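Note sheet for the following structure.
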Ligand code: DLZ
């Protein structure tokens, strides 16, 4: 299946979220982008009947901290899935590689440890324009995709 827009999905195959409790962990770095990802994810959960009181939003300083944020959410209990949202933009140093590698591996470990879905809603882009394009721009919104993925995984 070729996907051209992150916000395009078949609504009819998304399970209702009425019985689920979700946490959204959002990085504060590149806030212009991550606020848009959060809006996309939040609105999508509400659209699929997740109750507002069953969505817990927490912020962490940067994407590197998404792993710890997800772990803390699941350790508290009562959460069916965690959506992690962040944006890492390539700079002049290798920081980008270390953060992206740490987050992708870290979230997988947290998911396996708690046996709960932890969704990788991380934009890893070469520049700000690519991020804007994927945070409500011409390529849709990664937050929407992350929310739909969370609901599908909750229903497994
Ligand atoms: C330090 C840093 C840099 C250079 N770039 C980003 C970025 O593009 N996106 C992001 O979410 N966070 C960045 N950070 C912050 C790290 O994720 C982390 O918060 C700090 O290294 C402290 O652990």
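Coordinate-derived values only; no laboratory data. Keep in mind that this is a model prediction, so the values were computed, not measured. Positions of Cβ are backbone-derived with ideal geometry, glycine not excepted, and every protein chain shown enters the neighbour counts.
Placing a pseudo-label 7 Å from each Cα along the Cα-to-Cβ vector at residue 53 and residue 28 gives an inter-label distance of 2.9 nm.
DSSP beta bridges confined to the chain are antiparallel in about 10 percent of cases. The simple Förster model, with R0 at 25 Å and r as the Cβ-Cβ distance, assigns residue 8 and residue 39 a FRET efficiency of 0.90. For the chain, the relative contact order comes to 33 percent (Cα pairs under 8 Å, sequence separation of at least 6).
Debye-formula intensities of the range 1-82, expressed as log10 I(q)/I(0) at q = 0.18, 0.20, 0.24 Å⁻¹, are -0.86, -1.01, -1.20 (one equal scatterer per alpha-carbon, no solvent).
Hey, in the GNM for the chain with a 10 angstrom Cα cutoff, which one of 12, 63, 111 fluctuates hardest? Largest GNM mean-square fluctuation: 12.
Averaging Cα coordinates gives a centre for the range 91-132 and one for the range 36-68; these two points are 16 Å apart. Only DSSP H runs of four or more residues enter the estimate; each adds -39500 (n - 2.57), and after division by the residues of the chain the mean residue ellipticity at 222 nm equals -13500 deg cm²/dmol.
From the square roots a ≥ b ≥ c of the eigenvalues of the alpha-carbon gyration tensor of the range 26-154, which class results: rounded (a/c under 1.5), prolate (a/b over b/c), or oblate? It comes out oblate by the Cα gyration axes.
When the chain is treated as a Gaussian network with alpha carbon springs shorter than 10 Å, the biggest mean-square fluctuation among 103, 50, 14 belongs to 14. As a rough guide to protection, the peptides 112-119, 147-154 ranked by mean Cβ packing within 10 Å, highest first, stand as 147-154, 112-119. Once the chain from residue 127 to residue 93 is taken as fully extended at 0.36 nm per residue, the excess over their C-alpha distance is 10.9 nm. The slack between residue 153 and residue 138, meaning 0.36 nm per residue of separation minus the straight C-alpha distance, is 2.8 nm.
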